[in-house]
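Trainee: Got a structure here, written out as structure tokens. Questions coming.
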Amino acid sequence: MDIALATLLSPIVLFFLLGLGAALLKSQMTIPEAFAKGLAIYLMMSIGLKGGVAISEGDLGWDAGFVMISAVALSFLLPVIAYGLLRFTTRLGAVDAAATAAHYGSISIVTFVAAGQAIAAAGLETSGYLVAVAALMEVPAIISALIIAHRSPGSQESVAGSDRGELAREVMLNASVVVLIGSLIIGWISGEKGMKTIAPFFVEPFQGVLCLFLLDMGLSAGRGLRNGWRQLGPGTIAFGIYMPLISGLLAAGVAALNGMGTGDAALLITLAASASYIAVPAAMRLALPKARPSIYLTLSLGITFPFNLILGLPLYIWLARAITPGAA
């Protein structure tokens, strides 16, 4: 309860709620798109650099390798589960269900960043290699969902752009993957000494920039709910809440099997429970153009993201404590 209250009253959540409320009330508040993109790049560079520095200090070994392999396998598996649930519990067609399922196997880097803050506030430590895990979990879900779309009964949808290599470039070279992996490598090469020279820009202002970005995310989520909720039936809305819980439980099993610490387990659970609303929508617009963004984007950004940010984070931290021996 203390973790839940601290999360709800943290500045990042309150700024998100401010943006959400403003959009739902049809306020004219806006944040320029170019500025918002700049904030996103800053956040990804910052966490990539911090992760690389941590790895340079000896934070990467066989245990981390096993976690990475497990996370990739989980990212392949989750869209299969999500697709089955969507087809069984909703009226979504094969293409819409496959595109939506892709979002729930990939990750939300903003949820990951917010989780890092909540986990630190709970007095838990995390490892830098989880940044690499986040980057690795971006791509497999997209591939898995496209295979599902091809093989689904009654679906005649083909993967657009695959013959020209456009899809491969979109998936492997999307901005979040490039910035995260690139920053991770730079942080690993430069180490702690190099990080100190840029700390005044990438460390001290981090939480303030995160508040600005979550204000914009709140505005985007509110607009999505206001404009797209009519296409979401009760079963689809319920999926946006229970699917993160299923994913989180599976990730908790992976964390327990790999003997992860409490903070690392909480981050892995959060990654699995999050839903992409940046990298995957871009890939789906290219690969499955007949899928409706008003469904998959409203669900991931308008339902799952607020749920995870407000209620999910304390729950995932509690679950991580429950599965790690000796956790306080």
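The values are calculated or read from the model by the stated rules, or taken from the named source; none is laboratory data. Values in this document were obtained by computation on a predicted structure and should not be read as measured data. With ideal geometry, Cβ positions are generated from the backbone for all residues, glycine too; neighbour counts draw on all protein chains shown. Each accessible area value is taken on the protein alone, full model and side chains, heavy atoms only, with ligands, DNA and RNA left out. Shrake-Rupley method; radii C 1.70, N 1.55, O 1.52, S 1.80 Å.
Trainee: Determine, yes or no, whether residue 55 is farther than 30 Å from residue 20 by Cα and not in a loop (DSSP other than H, G, I, E, B).
Mentor: So residue 55 fits the description; yes.
Let's see how each residue does on (1) among the hydroxyl-bearing types (Ser, Thr, Tyr); (2) modelled with pLDDT under 85:
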| site | (1), (2) |
| --- | --- |
| 181 | no, yes |
| 186 | no, no |
| 190 | yes, no |
| 198 | no, no |
| 211 | no, no |
| 228 | no, yes |
| 231 | no, yes |
| 234 | no, no |
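Trainee: Right, next: Is it the case that segment 99-120 has a residue that's among the aliphatic types (A, V, I, L, M), in contact with a Phe, Trp or Tyr (Cβ under 6 Å, 6 or more places away or on another chain), on the phi < 0 side of the Ramachandran plot and open to solvent by less than 10 Å² (accessible area, probe 1.4 Å)?
Mentor: Yes, there is a match, as at least one residue in segment 99-120 is among the aliphatic types (A, V, I, L, M), in contact with a Phe, Trp or Tyr (Cβ under 6 Å, 6 or more places away or on another chain), on the phi < 0 side of the Ramachandran plot and open to solvent by less than 10 Å² (accessible area, probe 1.4 Å).
Trainee: Only one of (1) farther than 22 Å from residue 116 by Cβ; (2) modelled with pLDDT of 90 or more is not met by residue 271, so which one is it?
Mentor: If we test residue 271 against (1) farther than 22 Å from residue 116 by Cβ; (2) modelled with pLDDT of 90 or more, just (1) comes out false.
Trainee: Could you run through segment 136-155 and say how many residues are among the aliphatic types (A, V, I, L, M), farther than 18 Å from residue 258 by Cβ and under 17 Å from the mean Cα position of the chain (by Cα)?
Mentor: 5
Trainee: Within segment 118-133, take every residue that is assigned to a helix (DSSP H, G or I) and modelled with pLDDT of 85 or more and give me the one that is nearest to residue 97 (Cα to Cα).
Mentor: Taking the candidates together, the pick is 133.
Trainee: Any residue in segment 180-201 that is more than 13 Å from residue 44 (Cα to Cα) sitting within a Cβ distance under 6 Å of a residue that is assigned to a helix (DSSP H, G or I) and polar (S, T, N, Q)? List the pairs, counting only those 6 or more apart or interchain.
Mentor: Close Cβ pairs (under 6 Å, with a partner that is assigned to a helix (DSSP H, G or I) and polar (S, T, N, Q)) amount to 188/56; 191/56.
Trainee: Tell me, which residue of segment 287-301 that is under 18 Å from the mean Cα position of the chain (by Cα) and either at pLDDT below 85 or of a type in the set (Val, Ile, Thr) (or both) is farthest from residue 99 (Cα to Cα)?
Mentor: 298
Trainee: So in segment 27-68, with the set limited to residues that are under 19 Å from residue 187 (Cβ atoms) and of a type in the set (Ser, Thr, Tyr), which one is farthest from the chain's Cα centre (by Cα)?
Mentor: 56
Trainee: Give just the number: which of (1) assigned to a helix (DSSP H, G or I); (2) at pLDDT below 95; (3) open to solvent by 20 Å² or more (accessible area, probe 1.4 Å) does residue 85 not satisfy?
Mentor: In the conditions (1) assigned to a helix (DSSP H, G or I); (2) at pLDDT below 95; (3) open to solvent by 20 Å² or more (accessible area, probe 1.4 Å), residue 85 misses (2) alone.
Trainee: Could you pull out the residue among 206, 213, 201 that is exposed (fewer than 15 other Cβ atoms within 10 Å of the Cβ) and within 26 Å of residue 31 (Cα to Cα)?
Mentor: From the options 206, 213, 201, the qualifying one is 201.
Trainee: Hey, another quick one. Is it the case that segment 149-162 has a residue that's among the polar types (S, T, N, Q), touching an Asp or Glu at 6+ places or on another chain (Cβ under 8 Å) and either at pLDDT below 90 or open to solvent by less than 10 Å² (accessible area, probe 1.4 Å) (or both)?
Mentor: No, every residue in segment 149-162 fails to be among the polar types (S, T, N, Q), touching an Asp or Glu at 6+ places or on another chain (Cβ under 8 Å) and either at pLDDT below 90 or open to solvent by less than 10 Å² (accessible area, probe 1.4 Å) (or both).
Trainee: Please find, within segment 281-328, the residue that is nearest to residue 271 (Cα to Cα) out of those that are open to solvent by 10 Å² or more (accessible area, probe 1.4 Å) and in a loop (DSSP other than H, G, I, E, B).
Mentor: 324
Trainee: Determine, yes or no, whether residue 260 is buried (at least 17 other Cβ atoms within 10 Å of the Cβ), in a loop (DSSP other than H, G, I, E, B) and not β-branched (Val, Ile, Thr).
Mentor: Answer is yes for this residue.
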